[in-house]
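Visitor: Could you have a look at this structure, given as structure tokens, before my questions?
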Amino acid sequence: METKQKDNLIFIRLFPDEDIYSALNEVCRKYKVTTAVVLSGVGQLKQFELGYFKEKGNYTPQQFATPHELLCLTGNISKQASGYNFHLHAVLGAEDKRVVGGHLLKARVEITNEVVLLKTDLKVSRRREEKTDLQGMFLEGKFGNEDI
């Protein structure tokens, strides 16, 4: 992995067989990320799993063994008491140009992966919501309850 930070931008280059979540976790610790927005993510992933939230307790995960082009990676990262929370969605294309997408549950890099994060000091907390059983995002601090 190679990384570089300039102002609030963090550029990340991942190499074959790296686990995307382990690498992003390491980057967040290295650059002391409080909260970050995934601005872009491209490359090629393998051994990935996507989820689709259907209902409480049913996330319908699906595994993909063959490499796919990572066409779009988006989401946010927030530091919690228990570690970093990643909420990432991905769109990936197969060799036959068919596209799949959903919540990125796990993935390894096939050839390369390039990710750009926008780092911010905005405080975000995640709490399990009873109705959905998902980790809902709650804005904290001085600006957390203001309407825009």
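Visitor: What nm value, rounded to one decimal, do you get for the distance between Ala94 and Lys123 when each label is placed 7 Å out toward the C-beta?
Guide: That separation, rounded to one decimal, is 4.7 nm.
Visitor: Which of these values of log10 I(q)/I(0) by the Debye sum over Cα atoms at q = 0.09, 0.10, 0.20 Å⁻¹ was calculated from the structure shown: (1) -0.25, -0.31, -1.33; (2) -0.29, -0.36, -1.28; (3) -0.36, -0.44, -1.29?
Guide: Checked against the structure: label (2).
Visitor: Running a GNM on the chain with Cα contacts under 10 Å, which residue among Lys123, Lys79, Lys97 ends up with the highest mean-square fluctuation?
Guide: Between Lys123, Lys79, Lys97, it is Lys97 that shows the largest mean-square fluctuation.
Visitor: Expected output is a single nm value to one decimal: the length gained when fully extending between Asn85 and Glu2, i.e. 0.36 nm times separation in residues minus the C-alpha distance. What is it?
Guide: Here the segment from Asn85 to Glu2 would lengthen by 27.7 nm.
Visitor: From a point 7 Å beyond the Cα of Thr112 in the direction of its Cβ, which residues of segment 30-72 have a backbone N at a distance under 19 Å?
Guide: From segment 30-72, the list is 39-46, 67-72.
Visitor: Then there's this: Give me the net charge for the shell around Asp19: Cβ to Cβ below 9 angstrom, other residues only, Lys and Arg +1, Asp and Glu -1.
Guide: Taking every other residue near Asp19 into account, the sum is 0.
Visitor: Suppose we flag GluC sites (Glu not before Pro) only when DSSP calls them loop and at most 11 other Cβ atoms lie within 10 Å. Which is the longest uninterrupted stretch of the chain? Display every interim value, and only then the final one.
Guide: On the way: sites that count: Glu95, Glu130, Glu146.
Within the chain, the longest run free of exposed GluC sites (Glu not before Pro) spans 1-94.
Visitor: Let me ask something else. Under a cut-off of 18 Å between alpha-carbon atoms, report the lysines in cross-link reach of Lys119, not counting same-chain residues fewer than 8 places apart.
Guide: In chain and number order, the partners are Lys4, Lys6, Lys30, Lys32, Lys79.
Visitor: Straight-line reach only, C-alpha to C-alpha below 18 angstrom: list the lysines that Lys97 could link to, leaving out same-chain residues fewer than 8 apart.
Guide: Lys46
Coordinate-derived values only; no laboratory data. Model, not experiment: these values are computed from the prediction. We place every Cβ from the backbone using ideal geometry, glycine too, and count neighbours over all the protein chains shown.
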